[in-house]
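Engineer: The structure is given below, and queries will be raised subsequently.
The values are calculated or read from the model by the stated rules, or taken from the named source; none is laboratory data. All values reported here derive from a predicted model rather than from experimental measurement. Ideal geometry is used to build each Cβ from the backbone, glycine not excepted, and the neighbour counts take in all protein chains shown.
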Amino acid sequence: MVKKEKEPQSIFYLKRMEESDLPSVREIERLSFSNPWSELTFLGEIQNRSISFPYVIVHRLEKKVIGYIIFWMIKDQVQINNIAVHPHYRRRGIAEAVMTQVINQVERYGAKSITLEVRPSNFAALNLYTKLGFQVIGIRKGYYSNPPEDAIVMCRLKSNI
């Protein structure tokens with residue numbers, strides 16, 4: 001049984017994703033999603049420094065990448081594009097701690113809204129996003145493939161805090 005950390009933010013830190021992180025990131029991506037992003041997609045996020053903010057989640061003691069989050073910030077709007085934690089480190093509150101840290105950071109920099117898409121079948125993510133103040137604002141029909149599924153579009157407005 002995995003021991004749940006009381007203070008998940010104390011076991012990790014975030015750092016900007018670099019090309020050297022991609023083997024670990026791509027492995028986590030393959031373990032997490034049925035339709036994983038390509039290496040070129042990740043490289044594009046790393047190189048698009050004007051709007052893209054790709055971060056890896058690094059375990060402090062083990063000094064290895066255990067997850068990542070990628071979001072865009074365009075003026076006062078943020079889009080969470082991808083977040084994943086390695087299966088061996090899930091259910092420890094890490095994704096919630098990372099999301100909370102990112103939300104706090106982008107709101108300090110002036111974000112008024114944060115949006116994301118999630119599969120209706122991803123109950124854990126839906127529960128997490130709802131807990132963090134996101135609300136359903138729409139459906140994108142046929143958004144996902146492998147397997148085909150709509151996307152639930154969720155948004156957190158700064159006034160919802």
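Engineer: What residue, among those in region 125-161 that are in a helix (DSSP H, G or I) and of a type in the set (Gly, Ala, Ser), is surrounded by the fewest Cβ atoms within 10 Å (Cβ to Cβ)? Give the derivation first.
Structural biologist: The initial filter retains those residues of region 125-161 that are in a helix (DSSP H, G or I), namely 125-131, 158-160.
So of that shortlist, the ones also of a type in the set (Gly, Ala, Ser) come out as 125, 159.
Values: Ala125: 18, Ser159: 7.
By that ranking, first place goes to Ser159.
Engineer: Take Val118 and tell me if it is within 26 Å of Arg30 (Cα to Cα), surrounded by 12 or more Cβ atoms within 10 Å (Cβ to Cβ) and under 18 Å from the mean Cα position of the chain (by Cα). Lay out the reasoning, then the answer.
Structural biologist: Numbers: within 26 Å of Arg30 (Cα to Cα): yes; surrounded by 12 or more Cβ atoms within 10 Å (Cβ to Cβ): yes; under 18 Å from the mean Cα position of the chain (by Cα): yes.
In short, yes.
Engineer: For Leu40, all conditions in the list (1) among the aliphatic types (A, V, I, L, M); (2) without any contact (Cβ under 8 Å) to a residue 24 or more places away in the chain; (3) touching a strand residue (DSSP E or B) at 6+ places or on another chain (Cβ under 9 Å) hold save one; what is the number of the exception?
Structural biologist: (3)
Engineer: I need the full set of residues from region 66-114 which are surrounded by fewer than 20 Cβ atoms within 10 Å (Cβ to Cβ), aromatic (Phe, Trp, Tyr) and more than 14 Å from the chain's Cα centre (by Cα), in order please.
Structural biologist: Tyr109
Engineer: Moving on to the next point. Quick check: anything in region 44-65 crowded, with 18+ Cβ neighbours inside 10 Å, touching a Leu at 6+ places or on another chain (Cβ under 6 Å), at pLDDT 95 or above and under 28 Å from Pro148 (Cβ atoms)?
Structural biologist: No - not one qualifying residue is present in region 44-65.
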